[in-house]
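Colleague: Quick one: the structure is below, and I'll ask about it shortly.
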Amino acid sequence: MTTLTNTATLDSINPATGEVVGSVPLTPVGAIPGIVAKARAASKAWGAMTAKERADILRPAGQVLMDRSEELGKLLSREQGKPFADGIGEVQGCGYRLSDEVDEIAEAVRPQVLKGEGVETTVYHDPYGVCAAITPWNFPILMPHWMVLPALVAGNAVVLKPSEETPLIAQAYADVLNEFLPEGVLQVVHGREQGPALVKADVDLIAFTGSKATGQAIMREAANGLKRVILELGSKDPLLVLEGADLDKAAAFAARNSFRNCGQVCVSTERIYVDRKLHKPFLEKLVEQAKSFTVGACDEDGAVIGPMIHGRQKAHVIGQIKDAEAKGANVVFGNETREGCFISPTVLDGVTHAMDIMTTETFGPVACVMAVDSVDEAVELANDTEYGLGAVVFGEESLARDVARRMTAGMIGVNRGIGGAPGTPWVGARQSGIGYHGGPMGHRQFCQVRAVSVVAGGGDS
Ligand code: NAD
C-alpha cells in the first residue's frame, strides 16, 4: 500500500502495519518523453550487440540477486505483505536461473536459416527499440523480471513502470541489473499517472501484466500508434474435482491454490466445481486444510499468508463474500475479522453463478465450492467466464485428460497444478491476455521479425 506524501515522493507502506517501508522519487510526468528519448538513444548501441553479448553482460546479476536474496526478500515482504520465506523465495526465483534464462532468450532470438525451392531465407529477430514494461504488485520482483530480462536480452532498451504499491523492490531489481548495464538501457519511472504517460510516449512495445481493465486502456491507447502489446491479465480460474479424484490431493491443492499469497495470484483457484457424490468428503478435507493457513504479518512466526495489499482490495473481497451470503452461500470456514488489511482464509459452499464471487475476479483468500451433477455441467460452468488463464482438473486420469481438452484456458493442469515443463510458455486464453510469458515464443515477442531471402547458394544479404 502506498501514499503520495507530496508531488515529489512516493511512500511504500507495509500493508500489515501501515508503517512507511521507504520511498522513491515520483517521476514527473513531464519528464517521461525525455526518459524515453534517453532509452532510444541507448538502444542503438545495445541493440547492435549480439544477443549472446547481452546475455553475458547480464549473467552476473543472477549471483548478486542470490547473494542479496535475504535482504531483498525481506524488503519485498515488508512492502507487499507476504511472509519473509515467500519474499526471499521470490527473489531467489529470479536469481537462481538467471544465467540459464539469458542463454535461453539469446538462443530463441538467434537468426534462423530456412531453405527450399531455390531460396535461402534468414529470419532475424531484431529488437523493437524501446519497450515499456508495466507491472503489478502481487509478485513485485518476478513480474518485472519476466518482462525486463527478455526485453533486454532481445536488444531493447526498457523503461520499467512498476506498481505504485511496490516501488522499492522493483527499483532494487533494476539497480542490480544496472550494476552491469550501459547507462540508459534500463530506467525506472514511478507513480500511477506515469503508466498512461509512458504508454503515450514514443515507445515501440508495451509489455504489461495487470488487470483486464488496465489492459484494455493500454490497448486502446496503443492503437493510436499501432504499438505492439503483450498483455498478461486477470482470470477466474476453475478447479474441477471429478469422479476418481484423489480427494486428499485435490483438497490440498484447492487450499494451497486458493490461499497462497492471500489469494492474490492471477492463477489462483477462484471457483471449485465438485462432483455431488464427492462434495461432502471434499468439503471436509478442504476445511481441514484451510486450518493450516495462518494469517499474519511478514515477520510473524508461523504466518503462512499475509494481508491484502490495501484496504480497497479487502473491501472488494468482503463485499463479494457478503453478496454471496445474501444470495444463499454458506460460510463453512473462516471469514473472521482482524484489524488492518487481513482476511482469514474462507471457504464458501453453495455458491452459484448468480453471485459476483463466481464471475468477477476476487484476488483474495476465498475457496468457493459448487456441487455439480455431471461432467458436462462442470465443463459448461468452468467455461462460463470471459477469462481463460488456467484451469485444473482432478479425476480419474483418462476422464481428467478428456475434460482438459474441453477447457477454454491457456494452461491446464491434470491431477496437478498448472505450470509446464521447461520452455512451456505462460499463456492466457480469451480475455486473460494476448501473448506469453517465457518460452521461445514468449522471448520472440520482444523482437521484430525480419526475413531476408536470397537465391539459394548466392550468399547472405
Ligand atoms: P493494475 O492493472 O491496477 O495495475 C498494474 C500496473 O498498471 C500498475 O503498475 C499500474 O500503475 C499500471 N496502470 C494502471 N492504469 C494504467 C493505465 N491506464 N495505463 C498504463 N498503466 C497503468 O493491476 P494490479 O492491481 O497491480 O494487479 C493485479 C492484477 O494483475 C490482477 O487482475 C491479476 O490477475 C493480474 N496479474 C496477471 C498476471 C498474468 O500473468 N496474467 C500475473 C500477475 C497479475
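Colleague: When the residues of region 140-149 are narrowed to those that are part of a helix (DSSP H, G or I) and open to solvent by less than 50 Å² (accessible area, probe 1.4 Å), which ends up nearest to the ligand (Cβ to nearest atom)?
Modeller: Filtering region 140-149 down to residues part of a helix (DSSP H, G or I) leaves 142-149.
Those still in the list that are open to solvent by less than 50 Å² (accessible area, probe 1.4 Å) too: 142-145, 147-149.
Working: L142: 9, M143: 6, P144: 10, H145: 12, M147: 10, V148: 13, L149: 15 Å.
Out of the qualifying residues, it is M143.
Colleague: Restricting the search to region 379-420, which residues are part of a helix (DSSP H, G or I) and free of Cβ contacts under 8 Å to residues at least 12 places away in the same chain? Before the answer, list the steps.
Modeller: Kept after step one, since they are part of a helix (DSSP H, G or I), are these residues of region 379-420: 379-382, 397-405.
Within region 379-420, E380, S398, D402, R405 qualify.
Colleague: Please enumerate the residues belonging to region 215-236 that are part of a loop (DSSP other than H, G, I, E, B), of a type outside the set (G, A, S) and open to solvent by 10 Å² or more (accessible area, probe 1.4 Å). Steps first, answer last, please.
Modeller: So the first thing to find is which residues in region 215-236 are part of a loop (DSSP other than H, G, I, E, B), and the list is 225-227, 233-236.
Adding the requirement that they be of a type outside the set (G, A, S) leaves 226-227, 233, 236.
Those that are part of a loop (DSSP other than H, G, I, E, B), of a type outside the set (G, A, S) and open to solvent by 10 Å² or more (accessible area, probe 1.4 Å): L226, K227, L233.
Colleague: Same structure again: Just the residues that are within 16 Å of the ligand (Cβ to nearest atom) and either assigned by TED's automatic domain parsing to the domain that holds P83 or under 27 Å from H353 (Cβ atoms) (or both), please, taken from region 288-308. I'd like the intermediate steps shown before the answer.
Modeller: The initial filter retains those residues of region 288-308 that are within 16 Å of the ligand (Cβ to nearest atom), namely 306-308.
Within region 288-308, just M308 meets the criteria.
Colleague: Residues that are assigned by TED's automatic domain parsing to the domain that holds Q194, surrounded by 24 or more Cβ atoms within 10 Å (Cβ to Cβ), free of Cβ contacts under 8 Å to residues at least 40 places away in the same chain and touching a Gly at 6+ places or on another chain (Cβ under 7 Å): does region 150-166 have at least one?
Modeller: Looking through region 150-166, at least one residue is assigned by TED's automatic domain parsing to the domain that holds Q194, surrounded by 24 or more Cβ atoms within 10 Å (Cβ to Cβ), free of Cβ contacts under 8 Å to residues at least 40 places away in the same chain and touching a Gly at 6+ places or on another chain (Cβ under 7 Å).
Colleague: Just to be sure I understand, how many residues within region 379-391 are surrounded by 24 or more Cβ atoms within 10 Å (Cβ to Cβ) and away from the ligand (no atom under 16 Å from the Cβ)?
Modeller: 1
Colleague: Restricting attention to region 379-393, which residues are over 19 Å from L233 (Cβ atoms) and not β-branched (V, I, T)?
Modeller: E380, L381
Colleague: Restricting to region 199-214, and then to whatever is more than 7 Å from the ligand (Cβ to nearest atom) and farther than 20 Å from C447 by Cβ, can you tell me which residue is surrounded by the most Cβ atoms within 10 Å (Cβ to Cβ)? Show your work before the answer.
Modeller: Initially, region 199-214 is screened for residues more than 7 Å from the ligand (Cβ to nearest atom), giving 200-207.
Among the residues that remain, those that are also farther than 20 Å from C447 by Cβ are: 200-201.
On the way: K200: 18, A201: 21.
Out of the qualifying residues, it is A201.
Colleague: List the number of the failed condition for L168; all other conditions in (1) in a helix (DSSP H, G or I); (2) in contact with a helix residue (DSSP H, G or I) (Cβ under 8 Å, 6 or more places away or on another chain); (3) near the ligand (Cβ under 10 Å from one of its atoms); (4) not β-branched (V, I, T) hold.
Modeller: L168 satisfies all of (1) in a helix (DSSP H, G or I); (2) in contact with a helix residue (DSSP H, G or I) (Cβ under 8 Å, 6 or more places away or on another chain); (3) near the ligand (Cβ under 10 Å from one of its atoms); (4) not β-branched (V, I, T) except (3).
Colleague: Hey, another quick one. Being within 21 Å of the chain's Cα centre (by Cα) and outside any helix (DSSP H, G or I) is the requirement here; does P136 meet it? Break it down into steps so the answer makes sense when it comes.
Modeller: Working: within 21 Å of the chain's Cα centre (by Cα): yes; outside any helix (DSSP H, G or I): yes.
Taking the combined requirement at face value, the residue satisfies it.
Colleague: Regarding L389, is this residue more than 29 Å from K322 (Cα to Cα) and in the same structural domain as E336 (by TED's automatic domain parsing)? Please lay out each step first, then the result.
Modeller: Values: more than 29 Å from K322 (Cα to Cα): no; in the same structural domain as E336 (by TED's automatic domain parsing): yes.
When the stated conditions are applied, L389 does not pass them.
Colleague: For region 237-256, does any single residue satisfy the condition of being at pLDDT 95 or above, open to solvent by less than 50 Å² (accessible area, probe 1.4 Å), near the ligand (Cβ under 9 Å from one of its atoms) and not assigned by TED's automatic domain parsing to the domain that holds V130?
Modeller: Within region 237-256, none of the residues are at pLDDT 95 or above, open to solvent by less than 50 Å² (accessible area, probe 1.4 Å), near the ligand (Cβ under 9 Å from one of its atoms) and not assigned by TED's automatic domain parsing to the domain that holds V130.
Colleague: Moving to a separate point now. Against the definition (part of a strand (DSSP E or B), modelled with pLDDT of 95 or more and more than 27 Å from E288 (Cα to Cα)), how does V369 come out, yes or no? It would help to see each step written out before you state the result.
Modeller: Details: part of a strand (DSSP E or B): yes; modelled with pLDDT of 95 or more: yes; more than 27 Å from E288 (Cα to Cα): no.
Against the criterion (part of a strand (DSSP E or B), modelled with pLDDT of 95 or more and more than 27 Å from E288 (Cα to Cα)), V369 does not qualify.
Colleague: So how many residues does region 93-139 have that are within 22 Å of I32 (Cα to Cα) and within 16 Å of the ligand (Cβ to nearest atom)? Talk me through it step by step, then tell me what you get.
Modeller: At the first step, the residues of region 93-139 found to be within 22 Å of I32 (Cα to Cα) are 127-137.
Going one step further and asking which of them are within 16 Å of the ligand (Cβ to nearest atom), we end up with 130-137.
Matching residues across region 93-139 total 8.
Colleague: Could you list, in sequence order, the residues of region 266-311 that are over 24 Å from the mean Cα position of the chain (by Cα) and among the basic types (K, R)?
Modeller: Passing the criteria: R276, K277, K280, K285, K291.
Colleague: Taking into account only those residues within region 421-452 that are in a loop (DSSP other than H, G, I, E, B) and over 20 Å from I230 (Cα atoms), which is most open to solvent (accessible area, probe 1.4 Å)?
Modeller: The initial filter retains those residues of region 421-452 that are in a loop (DSSP other than H, G, I, E, B), namely 421-425, 428-429, 435, 438, 445-446.
Applying the additional criterion that residues be over 20 Å from I230 (Cα atoms) yields 421-422.
Working: A421: 68, P422: 133 Å².
The selected residue is P422.
The values are calculated or read from the model by the stated rules, or taken from the named source; none is laboratory data. Remember, predicted model here, so these are calculated numbers, not experimental data. Here the Cβ is made from the backbone with ideal geometry for all residues, glycine too, and neighbour counts use every protein chain on show. The accessibility values were calculated without ligands, DNA or RNA, using every heavy atom of the protein model including side chains. Shrake-Rupley method; radii C 1.70, N 1.55, O 1.52, S 1.80 Å.
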